[in-house]
Amino acid sequence: MTVCPGGGRTDGSGPAEGGDQDPPVSSALLEDSAEDLYENAPCGYLSTLMDGRIAKVNGTLLKWLGHRREDLVGRRHFSDLLTIGGRLYHETHFAPLLRMQGEVNGVALELRAADGARLPVLVTSTVKRDADGEPLLIRTTLLDARDRRDYERELLRARQDAERDRERLQRLATTLQRTLIPPVIEPVPGREAAAHYHFASTDQVGGDFYDLFPLTAGTWGFFMGDVRGKGADAAVVTSLARYTLRAAAVSDPAPVRVLANLNTALNHQAQDDEPLFCTVIFGMLTPEENDAGFHVVLAGGGHPPALLLRADGSADYLPTPGGQLVGVVADAQFTTATLDLRPGDTLLLYTDGLTEARTGNPGERYGDEALLDFARSLAPTSASGAVRALTALLNSFGEGLDDDTALLAISVPRAKGEGSGRSAPSPDST
């Protein structure tokens, strides 16, 4: 008794003990001749003499091209089967490289069929040599690349569509962002104001916002805020916050109550799983008698503290400790700080993209202390001078500035004849 490779027995008594019998394989499938494998292979085969004259071609390639064997063998060269562009590439690159290396793999060319149709193929050629190393003929394999070409075209089309969509998204994001911040700061009698907005991404709408606007009897309101996240959701909150702050300030300009009204509006709009919240600092400027400056009341809702750059060259933060994020809880508490803005003083508001910018040292952020040192080196200065210097600082971070950043500065000009302040320091001076 003989055991077959599949575990069965030749005596017809069934499978061997403990083995599984493979399904029977037709003997016809195992009797393919080498000639049949060559003629009907799933790729084209071609043999040429060293001068490129066709010596042998398989049936698959003849079927692709619509030629008869007798039209090609001994009469045509391989390059005759190529398109004009393919023939030029073959003569200037493919053939010289084949002679030098003896083999060329996977080169994309196009064949021209008998009816003029183009057939993209991937061509691999090798040189067969005799025992003495002398070249005898060139064997070439051709793979049908029509499906690959269609795939590449679809991929290119999809990439082009994606680029167009990205450009439209960038235009939409830029347009939407510019509707959420004032295009210019309105001139304020007796004060100078300047602002700057750094866009970290052209694809997404950021959540930073600011404004400066008149109220009544010479009083002006101003605010700076930063919404959680980016994109369309952040834009919704930004728009709601900006217009709620303006409306609330007209109704009751007391800064704490303005933030309380915004907190209520955000809580009413929030979904259970999507809270709407932001950090905000809101201020009110009231002119003092005899043009001595302005009285400022600030209310903070979790926002970075304002900076005061004084006429005497000093600078300090104006914290509003205990102020909670706006929109997180229904009964959020907000705190205030007051100051007198005198001639030569500058009040600066900013968002945390500035202090959280990455410096050149791995893992290091710019930070509050570095910003305070920069402000002290800059004071005294004007609103425009402060914004120019800080814009240069932002630019110096390069790719380290990966969050939107807003700046808003308000200053009281000095009387004529007084010094105008220090020149802006280099960002490297910090």
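The values are calculated or read from the model by the stated rules, or taken from the named source; none is laboratory data. Bear in mind the structure is a predicted one, so any value in this text is a computation, not a measurement. Don't worry about glycine lacking a Cβ; one is built from the backbone with ideal geometry, like all the others, and counts go over all protein chains shown. Keep in mind that these areas ignore ligands, DNA and RNA; they rest on the heavy atoms of the full protein, side chains included. Shrake-Rupley method; radii C 1.70, N 1.55, O 1.52, S 1.80 Å.
Quick rundown of the values:
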| quantity | calculated |
| --- | --- |
| Nearest-0.05 FRET efficiency for residue 395 and residue 124, computed from C-beta distance (R0 45 Å) | 0.30 |
| Hypothetical label at residue 159: residues of the range 132-150 whose amide nitrogen lies under 15 Å (7 Å Cα-Cβ projection) | 149-150 |
| Gain upon complete extension [residue 329, residue 257; 0.36 nm per residue less C-alpha separation] | 24.4 nm |
| Total formal charge among the other residues, if their Cβ is under 15 angstrom from that of residue 297, Lys/Arg +1 and Asp/Glu -1 | -2 |
| Average projection area in nm² (convex hull over Cα atoms of the range 21-146, one quarter of hull surface) | 10.4 |
| Mean separation of Cα contacts under 8 Å, 6 or more apart, over the residue count of the range 31-101: relative contact order % | 23 |
| Å³ per residue enclosed by the Cα convex hull of the range 256-368 | 118 |
| With all protein chains modelled, accessible area of residue 210 [1.4 Å, Å²] | 10 |
| For the range 326-365, alpha-carbon Rg over 2.2 N^0.38 Å | 1.87 |
| Potential extension, residue 91-residue 146 segment - 0.36 nm per residue separation minus Cα distance | 17.5 nm |
| Accessible area (Å², 1.4 Å probe, nearest 10) - residue 107 | 20 |
| Difference of contour (0.36 nm per residue) and Cα-Cα distance, residue 53 to residue 134 | 27.4 nm |
| Value of relative contact order over the range 81-172, rounded to a whole percent, pairs C-alpha under 8 Å and six or more apart | 19 |
